[in-house]
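All of the numbers you see were taken from the coordinates with simple rules; none came from a lab. Just so it is clear, the model here is predicted, and its values are computed rather than measured. Here the Cβ is made from the backbone with ideal geometry for all residues, glycine too, and neighbour counts use every protein chain on show.
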Amino acid sequence: MSAEGKLYLYPLWLRIWHGMNALCIIILIVTGLSMHYSTSILFKFESAVAVHNISGVVLTIFYVLFLAGNLVTENGKFYQIKTKGLKNRMQQQIKYYVSGMFKGETSPYPVTATRKFNPLQKYSYIGVMYIFVPLVIITGFALLFPETIIEDVYQVSGVMLTAIFHSIVGFFIMIFLFVHLYVASIGKSPVSNYKSMVTGWHS
Amino acid sequence: MLSSIRAILLLFVFSFLVVPVKSQMVAEENKLCIECHTSQSFTIHNDWTGMDETRLMNPFYILDTVRFVDGVHGAFQCIDCHSYEYETYPHNGELKLEPLMTCIDCHGGDDTYASYQFDRVEEEFEKSIHRELLGDQFTCSKCHDQHYYTPTARTSSSVKEIVEYSNNMCLSCHDNMIKYQLVSDKEKPQLVQIHDWLPNQELHFNRVRCIECHTVVQDSLMVSHNILPKEKATKNCVECHSSNSMLQASLYKYQNLRLRSGNAENDSVSSGEVYSGSFQFLSMNNIFSNQYYVIGASRIPLLNTIFVLIFVFTVAGIVTHAIFRFLKK
């Protein structure tokens, strides 16, 4: 679907999921940091624990919605892995971000109705949504029910190992968020991509 | 030559047989007492009827000899603490009223067990709510059963075992109406409801001791004995859930736990001293030798440093890229 050179790339269900996912992840980062450093970054420790748990459950519900949406709608095709020529495509995109865009070159993989993501976006989204988020959900639920975690793994607390792993994955999701927010400003105008995620229309 | 070898072999085998048997033995002098006080019934001559009668033993007077010999006083004779007049049977009924000794009667100024700091324990106990409310009625034995007591906090290498043993002392009254009514007319406290505010209540009950929140922590004392009034118990999560966790001066300070972590060889901290920095791991090797995890308290400086570096490089990269975009616009 297109209108006046615009593409309708983000259907309502996807925008709702994206908005809720973003909100939950931001809350999880803030509360996660509050717990990890026992500081009151917006939340007191005791509130941070409760809010973190609730946000984690909400994130999981919306993650299931995301998976289901990708199974039953066309959106799933944007996450299909194509290994042939991958290295070359990635290098082209990195080259564009590092130097090409400053020389006024056009994007090697512009957004079209059949290509919503450039190669870097696509594989970073696949990594986050199909590896990091599931890992953080699984370890998060394990920590929510610590009795399900193996007590000792070679004399090391299973809870500790799970918590360390949860923190590492959570940290990389936070790094992704920062980069994602910045890269989203690279569009027709610095705010056009943010608007797209509200209206659904890519310009 | 052959007989010498046989003798050595016999001695070797015998040494294995003797040691475990010895640890399970009740002192010979106690045999007569034990004969009745491990039985469900006893026989007594009734002068009124002129007959021998078999009666049920009061269950509170039946001794668990296995637990007794494993306890700190397991090698004692019964009359070391109880009146020698108990050697006469039937016992004189008035003996039931004999005042029993408290810890400090034997251990006050006791150099043999100086590290146990009995006098300081007594001082702390004197300030406690138990002492304030119940006075002389509240003796050491209300918590520390002289027959079975084991110094678990000093000997166990398991946090869970230390926690369970300690909490069972509290629960033996606070969750047991039979004992609770000995010292109070109040209704038994509803522990679960009272602690409703505590997140992951079951986890806290199983992993930390009641005294962590209900005493004034004394890091130079093995176990804090100044039990506070319930209104003064800590409700501040970050007292434990922080890098400066109070647990470092209480539950996680014990050297026996530290020995298990394998760090003791390189350290000269004596038993009972503070194991500060339990949650601060200096090397990756130490991460894998520690078994405790407390949210907010367990931090790995190396990992934190890596996190900060990655974060700083990411932000620097974004800012640099944004500046170039602005300049090349």
Can you tell me the 0 to 90 degree angle between the C-alpha axis of helix A:45-72 and the longest principal axis of chain A, rounded to 10? 40 degrees
Taking a ≥ b ≥ c as the square roots of the Cα gyration tensor eigenvalues, with a/c under 1.5 meaning rounded and otherwise prolate when a/b beats b/c, else oblate, which class fits region B:109-225? oblate
Using θ = phi - 60° and the Karplus relation 6.51 cos²θ - 1.76 cosθ + 1.60, list the HN-Hα couplings for region B:167-178 in order, rounded to whole Hz, with x at every Gly or Pro. 5, 5, 4, 5, 5, 4, 10, 6, 10, 9, 4, 4
Averaged over residues of B:239-247, the number of beta carbons from other chains lying within 10 Å of each residue's Cβ is 2
Pairs beyond 25 Å (Cα-Cα), from A:Lys95/A:Lys188; A:Lys122/A:Lys195; A:Lys6/A:Lys82: A:Lys6/A:Lys82
Cα shape, region B:119-181, gyration tensor, a/c 1.5 rule: oblate
For region B:142-231 the mean separation of alpha carbon contacts under 8 Å (6+ apart) over residue count, i.e. relative contact order in percent, is 23 percent
In whole angstrom, note down how far apart the Cα centers of region B:60-120 and region B:131-168 are. 16 Å
For B:Trp197, A:Trp17, what ranking results if the residue with the fewest other Cβ atoms within 10 Å of its Cβ goes first? B:Trp197, A:Trp17
If the chain between B:Leu100 and B:Ser41 were fully stretched, how many nm would it gain, using 0.36 nm times the residue separation less the Cα-Cα distance? 18.8 nm
How much mean residue ellipticity at 222 nm does chain A get from its helices, if each DSSP H run of length 4 or more adds -39500 (n - 2.57) and you divide by all residues, to the nearest 500 deg cm²/dmol? -20000 deg cm²/dmol
Percent relative contact order for region B:77-206, counting Cα pairs under 8 Å at least six residues apart, stands at 13 percent
Output the relative contact order of chain A, whole-number percent, from Cα pairs under 8 angstrom with separation of 6+ residues. 24 percent
Taking only Cα atoms and a 10 Å spring cutoff, compute GNM fluctuations for chain A and point out the largest among A:Leu86, A:Leu120, A:Leu143. A:Leu86
Taking Cα atoms only, helix A:158-183 is inclined relative to the longest principal axis of chain A by an angle, in degrees rounded to 10, of 20 degrees
Using the Cα centre as the reference, give the magnitude of the dipole from point charges on the C-beta atoms of chain A (Lys, Arg: +1; Asp, Glu: -1; all else neutral), rounded to the nearest 20 debye. 1180 debye
What are the ³J(HN,Hα) couplings of region A:110-117, residue after residue, when phi is run through the Karplus curve with 6.51, -1.76, 1.60 and θ = phi - 60°? Round to Hz, x for glycine and proline. x, 6, 10, 5, 9, 10, 6, 10
Here FRET efficiency (C-beta to C-beta, A:Ala184 to B:Lys186, R₀ 60 Å, nearest 0.05) is 0.45
Once you treat every alpha carbon in region A:66-148 as an equal point and sum by Debye, what is log10 I(q)/I(0) at q = 0.14, 0.21 Å⁻¹? -0.63, -1.02
Compute the distance in nm between two label points, each set 7 Å from the Cα along the Cα-to-Cβ direction, one at B:Thr314 and one at A:Val58. 2.2 nm
So for the protein assembly as shown, using the alpha carbon gyration tensor with a ≥ b ≥ c as root eigenvalues (a/c under 1.5 gives rounded; past that, a/b versus b/c decides prolate or oblate), I'd call it prolate
Angle check, please: helix A:133-144 long axis (alpha carbons) against the longest principal axis of chain A (alpha carbons), in degrees 0 to 90, nearest 10. 20 degrees
Here, A:Tyr109 and A:Phe78, labelled 7 Å along Cα→Cβ, have an inter-label distance in nm of 1.3 nm
With the cut-off at 24 Å, report for chain A the share of all Cα pairs above it, as a whole percent. 49 percent
